Amino acid sequence: MKQLFLVLFLLSLGCKEKRYHDQEQNNTEEHVSGAMEDIMQFQKKMNMEFKDPETSPLPDRYRKEFTSLDFFEPDTNYRIMAKFTRTPEALPFMMPTTTERQTEEAVFGIITFSLHGRTHKLEVYQNQELMQQERYRDYLFLPFADLTNGEETYGGGRYLDLTIPAGDTILLDFNKAYNPYCAYNPKYSCPLVPKQNRLDIAIVAGVKAFKKG
């Protein structure tokens with residue numbers, strides 16, 4: 001009787017271990033599924049903004065026939081939890097744009113991340129005018145360039161919108177990289193990517209170059 005009880009006890013442990021590993025697999029699948037849904041929602045929102053005459057940067061001749069921006073396939077490898085280091089001593093500076101206008105920015109922090117087996121760093125900026133507005137108080141601006149520029153993506157680089165994190169890490173999702181408005185319409189004035197934010201790798205994620213017509 002004791003031997004039968006021992007066998008049943010060991011079998012119950014085995015079943016519990018199997019359920020445990022199944023649950024871990026489900027959690028991973030749910031995490032990936034949630035990330036993909038987030039990326040698809042970003043793409044949907046972008047397309048809606050570009051179709052809407054009130055928010056679209058496209059000239060009417062392009063907007064009227066617009067159906068969708070050209071995106072890279074969503075790739076969670078470009079969705080990275082990065083190290084975030086604040087730079088509270090940084091002084092504001094004037095960032096040049098594609099026109100004579102300049103924007104007053106301050107380096108809010110340094111983002112350090114690993115991609116393709118290497119470590120990279122990017123500066124992230126806080127606009128000194130926007131930070132005075134309640135809705136943009138936590139907004140951070142990340143312009144960057146990479147090896148896809150001028151080929152698969154806009155030659156002037158792309159942007160990411162971020163939010164000030166509570167701790168020392170930040171989610172860096174290049175699937176949400178988008179083109180500056182001047183990529184679609186020359187009437188816009190767009191900040192230029194600083195040389196320190198030019199990556200020597202290809203970021204095959206986010207919005208591709210706009211092909212007129």
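We did not get these values from a lab; they are worked out from the coordinates using the rules stated. Model, not experiment: these values are computed from the prediction. Note that we place each Cβ from the backbone using ideal geometry, even for glycine, and neighbour counts take in every protein chain shown.
At-a-glance table
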read-out	value
Order by protection proxy (mean Cβ within 10 Å, highest first), peptides 100-108, 146-154	146-154, 100-108
Pairwise label distance in nanometres, THR169 with TYR136, each label 7 Å out on the Cα-Cβ vector	3.0
Highest-first arrangement of 175-187, 118-130, 58-70, where packing means the average Cβ count within 10 Å	175-187, 118-130, 58-70
Above-threshold pairs, the threshold being 22 Å between Cα atoms, out of LYS64/LYS208; LYS45/LYS83; LYS44/LYS208; LYS64/LYS212; LYS44/LYS187; LYS45/LYS121	LYS45/LYS83; LYS44/LYS187; LYS45/LYS121
Peptide ranges 46-53, 191-198 listed from the most packed, as the mean C-beta count within 10 angstrom indicates	191-198, 46-53
Net charge of neighbours whose Cβ lies under 10 Å from the Cβ of THR85, counting Lys and Arg as +1 and Asp and Glu as -1	+2
Amide H contacts of ARG198 (H built 1.01 Å from N, under 5 Å, at least 5 apart or other chain)	ALA145
Amide H partners (placed H, <5 Å) of ASP173, local residues excluded	ILE80
20 Å reach of a label modelled at GLU49, 7 Å along Cα-to-Cβ, counting backbone N of segment 106-140	124-140
Length gained when the stretch LEU192-ARG118 is fully extended (0.36 nm per residue, less Cα-Cα span)	24.1 nm
